[in-house]
Amino acid sequence: MNKNNLKKARNEGEMKMKKKKVVMVVLVASFLFNLLTACANDYNNANCEAVTYYDLEEEPFYEVTQQNEGVEQNTEELEAMDMESEMKDFNRDELEAMDMESKMEDFNTEEYNAIVENRYMSVQNNPLSTFSADVDTASYSNVRRMINDGQIVTPDAVRLEEMINYFKYDYKRPTGEDPFSVTPELVDCPWNSQSKLLSIGINAKDIDYSEMPDSNLVFLIDVSGSMSDEDKLPLLITAFSLLTENLSHNDRVSIVTYAGADSVVLEGAKGSEKDTIISALENLTASGSTNGADGINTAYKLANEYFIEDGNNRVILATDGDLNVGITSEGDLTLLVEEKRESGVFLSVLGFGVGNIKDNKMEALADNGNGNYGYIDSVLEAKKILMEEMGGTLFTVAKDVKFQVEFNPAIVKGYRLIGYENRLLNEEDFNDDTKDAGEIGAGHRLMAMYEIVLLNSEIEIPESDLKYQREKDTVFSSEWLTVNIRYKEPDAEESILLSFPVSEEQYTETPSENVLFATSVVEFGMLLRDSTYIGSANYDSIIETLGDLDCVEQDVYKDEFYSLVKKYARMVD
């Protein structure tokens, strides 16, 4: 057992021993009281002959036997017996509660989808790599929670793209009509000397808050029994109260709750009615089972009733994802929100809590509901998502954003997309405007990274020999690859194509701090996942790299990551 886990175990053991000592003190006090009472009232001079004490671990009570069993018991003795009987029940209940608490500490029903890590692909056989944009950040904050709780991180909780995209990067601002800028960079791969690393940085345009469109928001809140913990409903109420403080008079807020059944708590309140909204939030309590499907239907119904043309119409679902009544499967929930998104109402999902997080369901709901997924583990994270990054969380500047990278087989032998395993698309999906993809919000920054194997590399990339297809002619070009991006305006149905060729001109021997920090995040994530492709990466090298970056000192979240890496390195040492 590592040092931190040992310390935690010791602390838990000490707490349990303290509880047992309290019970022991009560038992001894009760014993002395009854003993003195019995002897003082023994009018026939009967002597106390034997006291039998049963060990606390076996049976938490005692018996006093007397020589003269014919002594008439007076009223005080009967009262003492009643007290003794009550103490027996109390002690049994106390021990049962302690035992239950101990079992609950080990009870964990969190669910994560299995991740099959992207492998090297041959450019000869697969020259195109296609995937959907993803600006979710839930994975990082969930991993942070695990580490801060002294836990070994669950490998499938680590989604590398969400780890990278939790942070802000210093990219050039978009110009002209395009909703985002694109910054490619080629560097040597820090964990594999036989490959290069391509980063594709996206910076979405910011929106002046004074010019933001009016919002029609429906807070869809899980108030089932599983949400009663302090890090669930109470934290949720604080988070939504923070958001409410930033709403304007023209915004509209409705509140729908769901447990065994759904309920409309507030309907169409103005954003200026902050006291009314916050009061409605503070009156929420948790109990019952979880019928999320009914709540989703009611929330979308209200969102459509108060729909604002050219506005931000959005349902914000807050839950631990533990849906156990009605529609409960990930597939059926996906179909439900796919149908609802056609109304023009977006869906954002905020996850809360520990022990029974259904990460797989929450991610599926957000990805298929034209929204984003964040995990809130503290008030600070609530402020980050709902205040500091409110534009990115609530206001979409581009939807159905898809990437397709075409590699030049005259220069590149193979490639490996880092992360985005659950966002991969088929080659033909790129030009299909009916195919759903990810959304990018105002001010969002995201990065995609490829490990690239050049023709002169010693890495062997398996290729398939095709019998019936002729060898395709290749167009001579000095370009290594071309990054193609398709996106739609928030209210449009036809996509726009952007293309960015990448050549050796983008290669640099001195990576930017953007790339150095992002590669540190990737290396840490691969270590957490025990990746097949981890190469020479290790905790010491990550800590050394982060310690030399100015951006770490200047950014509180990057500095927190630096501390997190050092903490986990000590845990697993």
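The values are calculated or read from the model by the stated rules, or taken from the named source; none is laboratory data. If you're wondering where the values come from, they're calculated on a predicted model, not measured in any experiment. Positions of Cβ are backbone-derived with ideal geometry, glycine not excepted, and every protein chain shown enters the neighbour counts.
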In the stretch 234-271, which residue that is assigned to a helix (DSSP H, G or I) and of a type in the set (Ser, Thr, Tyr) is surrounded by the most Cβ atoms within 10 Å (Cβ to Cβ)? Thr244
Go through the residues of the stretch 556-568 one by one and say whether even a single one is in contact (Cβ under 8 Å) with a residue 40 or more places away in the chain, more than 20 Å from the chain's Cα centre (by Cα) and on the phi < 0 side of the Ramachandran plot. no
Restrict the check to the stretch 384-397 and report whether at least one residue is part of a loop (DSSP other than H, G, I, E, B), touching a strand residue (DSSP E or B) at 6+ places or on another chain (Cβ under 7 Å), more than 24 Å from Met163 (Cα to Cα) and touching a residue at least 24 places away in the same chain (Cβ under 8 Å). no
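Every residue, every condition in (1) crowded, with 22+ Cβ neighbours inside 10 Å; (2) within 23 Å of the chain's Cα centre (by Cα); (3) modelled with pLDDT of 95 or more, yes or no:
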| position | (1), (2), (3) |
| --- | --- |
| Thr276 | no, no, yes |
| Thr290 | yes, yes, no |
| Thr298 | no, no, no |
| Ala318 | yes, yes, no |
| Gly321 | yes, yes, no |
Pairs under 9 Å by beta carbon, first residue of a type in the set (Ser, Thr, Tyr) in the stretch 419-440, partner outside any loop (DSSP other than H, G, I, E, B), six or more apart or different chains? Tyr420/Phe131; Tyr420/Ser132; Tyr420/Leu160; Tyr420/Glu161; Tyr420/Phe403; Tyr420/Ala448
Residue check: is Ser477 in a loop (DSSP other than H, G, I, E, B), surrounded by 11 or more Cβ atoms within 10 Å (Cβ to Cβ) and of a type in the set (Gly, Ala, Ser)? yes
Of all residues in the stretch 362-384, which are within 17 Å of Leu236 (Cβ to Cβ) and surrounded by fewer than 24 Cβ atoms within 10 Å (Cβ to Cβ)? Asp377, Ser378, Val379, Leu380, Glu381, Ala382, Lys383, Lys384
With the structure loaded, tell me whether Val153 is more than 26 Å from Ile534 (Cβ to Cβ) and in contact with a Leu (Cβ under 8 Å, 6 or more places away or on another chain) or whether it fails that test. no
Going through Gly150, Gly176 one at a time, which residue ends up being on the phi > 0 side of the Ramachandran plot, more than 26 Å from the chain's Cα centre (by Cα) and either of a type outside the set (A, V, I, L, M, F, W, C) or buried (at least 18 other Cβ atoms within 10 Å of the Cβ) (or both)? Gly176
Enumerate the pairs (first residue in the stretch 136-149 and assigned by TED's automatic domain parsing to the domain that holds Tyr166; second residue anywhere and assigned to a helix (DSSP H, G or I) and among the hydroxyl-bearing types (Ser, Thr, Tyr)) with beta-carbon separation below 7 Å, excluding pairs fewer than 6 apart on the same chain, so at least 6 apart or on different chains. Ile147/Tyr568
Could you give me the residue pairs with C-beta distances under 7 Å whose first residue belongs to the stretch 521-545 and is assigned by TED's automatic domain parsing to the domain that holds Lys566 and closer than 20 Å to Glu560 by Cβ, whose second residue is among the acidic types (Asp, Glu) and modelled with pLDDT of 95 or more wherever it lies, and which are 6+ apart or on separate chains? Ile542/Glu523
What residue, among those in the stretch 179-195 that are among the hydroxyl-bearing types (Ser, Thr, Tyr) and over 29 Å from the mean Cα position of the chain (by Cα), is nearest to Asp400 (Cα to Cα)? Ser195
Within the stretch 332-383, which residues are under 17 Å from Ala437 (Cα atoms) and either without any contact (Cβ under 8 Å) to a residue 12 or more places away in the chain or basic (Lys, Arg) (or both)? Leu335, Glu339, Lys340, Arg341, Glu342
